[in-house]
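Here the structure comes first, spelled out in structure tokens, and everything after it is commentary.
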């Protein structure tokens, strides 16, 4: 029966592709995407970096903005639902960041969320920017139809319970004979019913459900346990269950340990994020399918990095690395990064970067910028 299930999946994927349908959402980094297909169902991703490098911004760019924009700009069968557990920021702040991102890509206006709030003495939100926000409001509202932000659930079981509630109201369980099981009994822990589960069947097989937790070091330990226990249980018990039972996409943001930026690592040139450097519980690296790292050489006063001129790019350069890939090889690529708008762009290979390309990047960086005194 298990073999038949695997074969059915292979045949189904083949048929969908032959019909011109999508089963993956590609990442917007062509060279990097040669090693990782993109966003797939039944996959567990961890995005990691040192503090204040941009790991949340990368997670949002890859797993919120990219899939939603992909479904808007491409003829695709895929539909997106994002369950976003924001342990660090309020849901209002997440909406502000979405507005900032869309302002940039739709209106070429680059403005930070603080500037939008008119909190600085030197800047009050300009009328043309406010008009632009009003113009993109329908698209922001459309995006928000696909995202549920949770900023009041912080414990592992609470997150799992919220995801389970969504799964149970958007699908059902079947036994090996295709009979529909009683979801209410399963929720109540009736073992006889739970033992019959063969598979979960979503109401809409084209829906990609992406479960994001940012970040796991802010989880609240349960029953007097430690943070290490909370992260470990959340990853190995709940996240794997979310992935394997419902075919959902799990995305966890996890900080690197402070020691990764220590003197020993600097002297030994071990600066990149690593599986061994995962903060508060490195065992999560054993659970995930893909571990994606983000690195900022400027933090270590590097003037060059892997052939790129950091002296010119400064904090606009990031390196993305596929640290761990359960189904293939690791990979590394250089990125242009704009923290104001949560925007990333894959750079040409270092050997193709010349003065003209660096000049264009600098102009690109300042283009559309508002509220900054020069």
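Just a few scattered comments:
- Cut-off 14 Å (backbone N to label point 7 Å along Cα→Cβ of residue 13), residues of the range 302-330: 326-328
- Counting only alpha carbon atoms, the long axis of helix 156-169 and the longest principal axis of the chain meet at about 60°.
- Beta bridges per DSSP with both ends in the chain, % antiparallel, nearest 5: 50
- Pair residue 363, residue 240: separation of 7 Å Cα→Cβ label points (nm): 5.3
- Once you divide the Cα radius of gyration of the range 179-298 by 2.2 N^0.38 Å, the number left is 1.36.
- Shown is the FRET efficiency for residue 119 and residue 72, computed with R0 = 22 Å from the Cβ-Cβ distance and rounded to the nearest 0.05: 0.10.
- Principal-axis tilt of helix 127-144 within the chain, Cα atoms, nearest 10 degrees: 20
- Once the Cβ-Cβ distance of residue 332 and residue 276 is raised to the sixth power relative to R0 = 22 Å, the FRET efficiency obtained is 0.80.
- Taking each residue as 0.36 nm, the span from residue 180 to residue 3 lengthens on full extension beyond its C-alpha to C-alpha distance by 61.6 nm.
- Using alpha-carbon coordinates, inclination of helix 91-107 to the longest axis of the chain, degrees: 60
- Approximate spin-label separation residue 165-residue 106, in nm, with each point projected 7 Å along Cα-to-Cβ: 3.0
- Note on the chain: Rg/Rh from C-alpha atoms, Kirkwood Rh, equals 0.98.
A short reminder: the numbers here are calculations on the coordinates, not readings from a lab. Since this is a predicted model, take the numbers as computed values, not measurements. Backbone-built Cβ (ideal geometry, glycine too); neighbour counts: all protein chains shown.
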